[in-house]
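One structure is given below, encoded as structure tokens.
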Amino acid sequence: MASYTSQELMVTAAARHVADGEVVFVGMRLPLLGFLLAKGTHAPNAVGIFELGIVRDSAAPAPILTMGDLPNLYRANWLADTGDAMALLQQGRVDLSFIGGAQVDLYGNLNTTCIGDLQLPETRLPGSGGACDLACLAGRHILIMAHQRRRFVPRVDYITSPGYGDGPGWRRRMGLPRGGPSAVITTLGCFSFDPRSRRMRLETIHPGVAPETIRSETGWPIDLPEAPPETTPPTEFELKVLRRFDPQGYWTGRR
Amino acid sequence: MASYTSQELMVTAAARHVADGEVVFVGMRLPLLGFLLAKGTHAPNAVGIFELGIVRDSAAPAPILTMGDLPNLYRANWLADTGDAMALLQQGRVDLSFIGGAQVDLYGNLNTTCIGDLQLPETRLPGSGGACDLACLAGRHILIMAHQRRRFVPRVDYITSPGYGDGPGWRRRMGLPRGGPSAVITTLGCFSFDPRSRRMRLETIHPGVAPETIRSETGWPIDLPEAPPETTPPTEFELKVLRRFDPQGYWTGRR
Amino acid sequence: MPAEKRMRLDEAIDRFVEDGSSVALGTGLETCIPFCAGHEMIRQKKQNLVLIGPISDILFDQLIGAGCVRKVQAAWVGNVITGSGYNFRRAYEQKRLVVEDHSNLTMTMALRAGAMGVPFMPSKTALGSDLPRSNPGLKAIVCPFTGERLMAVSAIRPDVCIIAVQRADPFGNAHAWGNLGLSKEACLASEHIILTAERIVAPEVIGSDPNRVLTPAFRVSAVVHEPWGAHPSPMPGFYNRDHQAFLDYQEASRTAEGYNRWKATWIDGVSDRKKYVDRLGSERIQSLALREHLISEPADFGY
Amino acid sequence: MPAEKRMRLDEAIDRFVEDGSSVALGTGLETCIPFCAGHEMIRQKKQNLVLIGPISDILFDQLIGAGCVRKVQAAWVGNVITGSGYNFRRAYEQKRLVVEDHSNLTMTMALRAGAMGVPFMPSKTALGSDLPRSNPGLKAIVCPFTGERLMAVSAIRPDVCIIAVQRADPFGNAHAWGNLGLSKEACLASEHIILTAERIVAPEVIGSDPNRVLTPAFRVSAVVHEPWGAHPSPMPGFYNRDHQAFLDYQEASRTAEGYNRWKATWIDGVSDRKKYVDRLGSERIQSLALREHLISEPADFGY
């Protein structure tokens, strides 16, 4: 079996959520790689929308570190305004997006604004970017996170990107037209949300991870099955495609 | 003295309202000619904005019958969206515009929607186009009209393009941010609005027109001075420029 | 590989324009009006259409005269260089037609609201006007921040938007240039987009300049090759406006009988656009050709 | 003849950016960020600026580190490929900086409201989020037509907008291409517009393609010829992104002292952009050149 890094496993798991032909609003960093991997494997007809004002249905012709790299503009379907990309999103034309975050809670609310008090924070983070918009308006969105107790908290300090709020019915009450997080992919496992309680639950555990590690790195008492299924590792082909898009291992930890 | 048509006199009078360097939102037909005449004579630096999404600071290189004729796109400063032209207007970047109309009242309210009752009109007219927007949002606007009793009525049947409503303070109460009609140019004379009462008043009478004609063709008791000054006729140069833009006399009645 | 969307115009109209559909047309205002598509709707005897557009020039009048239209949402319906649209007048005055009166700005905001996926957009136009009397989609509101009075404009989301463009590939990627009017908003706001193109080109041609693209291919439902599709309106890069056609139409449409004769010749009497162009004749066609060319300075989209 | 607006960058910044000005920068998000202009503001020791932009990449961080900034209105402040902006963090955590948190969509709507001359625009984003806690320009409202809950976004009207474009003429006509981000809205919304251009060209060049123009010349206050003005961000048609510069900056700015050393070298240590480019060196510069060219298909704007 191929050797792979934790990030490569996460990106692969993320990519597998993209169905062929779906419209994906693609964020920075790992989400960008996940989209490229999906396009290069099982979802060749996926369409990518980028907040810079880019729509493309082919992969960039050369490796890119970020969505603003010129190969990502080359032969795009549309180079337009951010407002045009946001129009497609707000209308409901986006099936799926990926968001990275610093702090998440059991309802999938995400914080990328500040750790601690907003006025006197322990750490000020970069902010929403497009993440709030994706969490509010995409058909579904997937969170990609490092799994650490300080990040997996019972209640985030600041909701940058709404998940299920305080539980069932919250999104509707807030006026959000659709969506919600469908999965969380972490350094330890893959999670989904119980359709009734809207609480995060384990789907698969990454190879070599002990359930106890997940319990201890999660800041709320998370229910775990006795013997959770393992996350399917990346195939040789997936790794090959992934490494074509990230040849230096900049994002996938091989540098 | 040169001979000229009634329309040539009206267009010339309209053009003279354009100060050099002003931004003019240019409408269809006579207003279009008025702008071209001003550019070709005393206001070479006037900038024209057209509702189709065109901004240009030079005259079209060939005669045009309407703003969508391709010479009006040739070497424009900007070919953009109607929304972009409207943004400049709504922001207050437009000094002046011209509007034609079917029915006007003593406060300069203009009707281009229907004569008679809205539900069962005597005549249904084409509607606002951009006229309502210009009347609401330009720094000032000028009406160009045939002067007939059935058109100059005490109260229009429908306000397509607001003038001063029912008098002083009305525009502010309605929420209009600026503007109002500054002049009315008709087949009989040139009119302005009293700054206090906001009622239409005669400024100059066209050569050869009897004051009594104005009184009888105006549907409300209009005050006229004993000996109103005459409208200055078009100069040879103005006629020459004007006829370059309307060589067939399509708009200025020489056909 | 994305899906090919190329089809004949009659197929596209048959598939995507149903009786009762709301259809955005003429969103370039005076240029690039898809007359070919309107004529095909008339030939197919569509019923109860809702027409949406800022200034339709004479295309709306033709559809109304043919009895295809139940309602018009527009800022202006007539004939730009002559004034009245007689079929429009007749139909309204005989209460056969509902009109929702817009201004160009309120129509822009209505389609932009549709495009942005919000139910309304605020404006500062039409305050004090009577437009809200003949348009339930206009309502005065108060700004939640400043307290100022504003005119809210309700979103319009057409079922179909038909756009005449210069060139398209078979997958729905297309270049449009000239003044764009409300075309971008109309495409984004609509459920289906039909493109009629003067030329069909390879994807590489469109991909060489993604800034010239009007709307993303994945939102396009049909691509139709229809040279002279916008005649008598002008098509930048291809042909000038045919003023005579507008004047002739004005004369012909003064009476219902006159319109019907005109329609028998120019719509029912030609089975498709090719036959229409044949009827115009080569001399007429040549008189509309561009005489002065102006080629855009290249831009490099490399890396 | 319209007025010539060409001037040196230091003149343009001196004339149009005052202490306390609100300045929109980096409206292309990741591309065409006018680093040259930010550096000149730092050299001129501007104070109490309000920075406006969606995703500033590291330019906002540099201005904050130099003590020029009182407030930021932004969706994201950091370093796109590495994450944190350390000067931003330090300044905020030490209460030297006010932040109004936007999302990319709320920033788009704020500038679009400014552009359209309305005091707000509605959206369906940020509902349920905490953004209104750190942004008084966001307020939940109810749609006057549908009753649905919406997020109103208050207008932003910057004093100055600075845009890096590919080519401009001396009168303010300019071509911009690539992804355009919020640049159109920012230009329309701003009182003054400064264009920094890779090339100054004759008016005929710009006039050959009026669809490629970002904003009308009559609204432009200054045109500055500044090759490599957007480095290290990419400029479509001219140069690629200099990733190493972003990585180096990340390392350098971990401490205030490190940032000051970096600033002494790359901003205060070079009197203008020409010297900055000299310091980068020809090898570095050449490594960023386009290797694969893609020339746009011509369009004819004739008649």
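The values are calculated or read from the model by the stated rules, or taken from the named source; none is laboratory data. Bear in mind that the values here come from a model prediction, so they are computed numbers and not experimental data. No Cβ is skipped: glycine too gets one built from the backbone with ideal geometry, and neighbour counts run over all protein chains shown.
For this structure, a couple of remarks:
- When the range A:65-83 is limited to residues that are surrounded by fewer than 24 Cβ atoms within 10 Å (Cβ to Cβ) and either more than 7 Å from chain D (Cβ to nearest Cβ) or charged (D, E, K, R) (or both), the one that is farthest from the chain's Cα centre (by Cα) turns out to be A:ARG75.
- The lone criterion from (1) over 20 Å from C:PRO210 (Cα atoms); (2) at pLDDT 95 or above left unmet by A:PRO71 is number (1).
- In the range B:131-146, the qualifying residues are those that are within 13 Å of the chain's Cα centre (by Cα) and part of a loop (DSSP other than H, G, I, E, B), and the one that is surrounded by the fewest Cβ atoms within 10 Å (Cβ to Cβ) is B:ALA146.
- For the range D:138-168, a residue qualifies if it is away from chain A (no Cβ under 14 Å) and either part of a strand (DSSP E or B) or surrounded by fewer than 24 Cβ atoms within 10 Å (Cβ to Cβ) (or both), and the qualifying residues are D:PRO144, D:PHE145, D:SER154, D:ALA155, D:ARG157, D:ASP159, D:VAL160, D:CYS161, D:ILE162, D:VAL165, D:ARG167, D:ALA168.
- Some residue of the range A:122-142 being within 27 Å of A:VAL209 (Cα to Cα) and in contact with a Phe, Trp or Tyr (Cβ under 9 Å, 6 or more places away or on another chain): yes
- Any strands (runs of 3 or more DSSP E) falling wholly within the range A:14-130 and containing at least 3 residues that are in contact (Cβ under 8 Å) with a residue 24 or more places away in the chain: A:23-26, A:47-50, A:96-100, A:114-116
- Within the range C:102-122, the residues that satisfy the criterion of being of a type in the set (Ser, Thr, Tyr) and either surrounded by fewer than 24 Cβ atoms within 10 Å (Cβ to Cβ) or at the interface with chain B (Cβ under 7 Å from one of its Cβ atoms) (or both) are C:SER103, C:THR108.
- Selection count, the range C:6-34, where residues are away from chain B (no Cβ under 14 Å) and either acidic (Asp, Glu) or touching a residue at least 60 places away in the same chain (Cβ under 8 Å) (or both): 19
- Residue satisfying all of: in the range D:265-296; touching a Ser or Thr at 6+ places or on another chain (Cβ under 9 Å) and either surrounded by fewer than 18 Cβ atoms within 10 Å (Cβ to Cβ) or in a helix (DSSP H, G or I) (or both); farthest from the other protein chains (Cβ to nearest Cβ) among these: D:ARG279
- Residues in the range D:235-259 that are of a type outside the set (A, V, I, L, M, F, W, C), surrounded by 15 or more Cβ atoms within 10 Å (Cβ to Cβ) and more than 17 Å from D:GLY78 (Cα to Cα): D:PRO236, D:GLY237, D:TYR239, D:ASN240.
- Answer from D:LEU9, D:LEU59, D:LEU51 - the residue that is crowded, with 20+ Cβ neighbours inside 10 Å and touching an Asp or Glu at 6+ places or on another chain (Cβ under 7 Å): D:LEU9
- Number of residues in the range C:237-278 that are within 30 Å of D:GLU297 (Cα to Cα) and aliphatic (A, V, I, L, M) equals 1.
Table: residues versus (1) crowded, with 21+ Cβ neighbours inside 10 Å; (2) modelled with pLDDT of 95 or more; (3) over 23 Å from B:GLN90 (Cβ atoms).
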{"position": "B:ARG173", "(1), (2), (3)": "no, yes, no"}
{"position": "B:LEU176", "(1), (2), (3)": "yes, yes, no"}
{"position": "B:GLY179", "(1), (2), (3)": "yes, yes, no"}
{"position": "B:ASP194", "(1), (2), (3)": "no, yes, yes"}
{"position": "B:THR204", "(1), (2), (3)": "no, yes, yes"}
{"position": "B:ARG215", "(1), (2), (3)": "no, yes, yes"}
{"position": "B:TRP220", "(1), (2), (3)": "no, yes, yes"}
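- Checking D:ALA75 against (1) within 10 Å of another protein chain (Cβ to nearest Cβ); (2) surrounded by fewer than 19 Cβ atoms within 10 Å (Cβ to Cβ), the condition it does not meet: (2)
- Within the range A:84-129, the residues that satisfy the criterion of being of a type in the set (A, V, I, L, M) and more than 9 Å from every other protein chain (Cβ to nearest Cβ) are A:VAL94, A:LEU96, A:ILE99, A:ALA102, A:VAL104, A:LEU106, A:LEU110, A:ILE115.
Here is a yes/no grid of residues against (1) surrounded by fewer than 24 Cβ atoms within 10 Å (Cβ to Cβ); (2) within 30 Å of C:ALA174 (Cβ to Cβ); (3) within 13 Å of chain D (Cβ to nearest Cβ); (4) small (Gly, Ala, Ser):
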| residue | (1), (2), (3), (4) |
| --- | --- |
| A:SER6 | yes, no, no, yes |
| A:LEU9 | yes, no, no, no |
| A:THR12 | no, no, no, no |
| A:ARG16 | yes, no, no, no |
| A:PHE35 | no, yes, no, no |
| A:GLY40 | yes, yes, no, yes |
| A:PRO44 | yes, yes, no, no |
| A:GLY48 | no, yes, yes, yes |
| A:LEU52 | no, yes, yes, no |
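- Of the residues making up the range C:85-101, those that are more than 7 Å from every other protein chain (Cβ to nearest Cβ) and within 21 Å of B:ALA135 (Cβ to Cβ) are C:VAL99, C:GLU100.
- Residue match in the range D:274-293 (condition: in contact (Cβ under 8 Å) with a residue 12 or more places away in the chain and of a type in the set (Asp, Glu)): no
- The condition (being at pLDDT 95 or above and either part of a helix (DSSP H, G or I) or not β-branched (Val, Ile, Thr) (or both)) is satisfied by just one residue among B:PRO225, B:PRO234, B:PRO247: B:PRO234.
- Subset of the range A:69-127 [aromatic (Phe, Trp, Tyr) and over 27 Å from A:GLY167 (Cβ atoms)]: A:TYR74, A:TRP78
- Positions within the range B:148-161 being more than 14 Å from chain C (Cβ to nearest Cβ) and buried (at least 22 other Cβ atoms within 10 Å of the Cβ), in sequence order: B:PHE152
- A count restricted to the range D:169-180 and to residues that are within 17 Å of the chain's Cα centre (by Cα) and touching a residue at least 40 places away in the same chain (Cβ under 8 Å) stands at 6.
- Looking across the range D:169-212, the residues that are in a loop (DSSP other than H, G, I, E, B), hydrophobic (A, V, I, L, M, F, W, C) and surrounded by 24 or more Cβ atoms within 10 Å (Cβ to Cβ) come down to D:ALA176, D:TRP177, D:LEU180, D:LEU182.
- Some residue of the range C:182-201 being of a type in the set (Ser, Thr, Tyr), more than 21 Å from A:LEU137 (Cα to Cα) and touching a residue at least 40 places away in the same chain (Cβ under 8 Å): yes
- Test result for C:ALA222, surrounded by fewer than 24 Cβ atoms within 10 Å (Cβ to Cβ) and within 11 Å of another protein chain (Cβ to nearest Cβ): no
- Test: residue in the range B:162-178 that is assigned to a strand (DSSP E or B), among the basic types (Lys, Arg) and without any contact (Cβ under 8 Å) to a residue 24 or more places away in the chain: no
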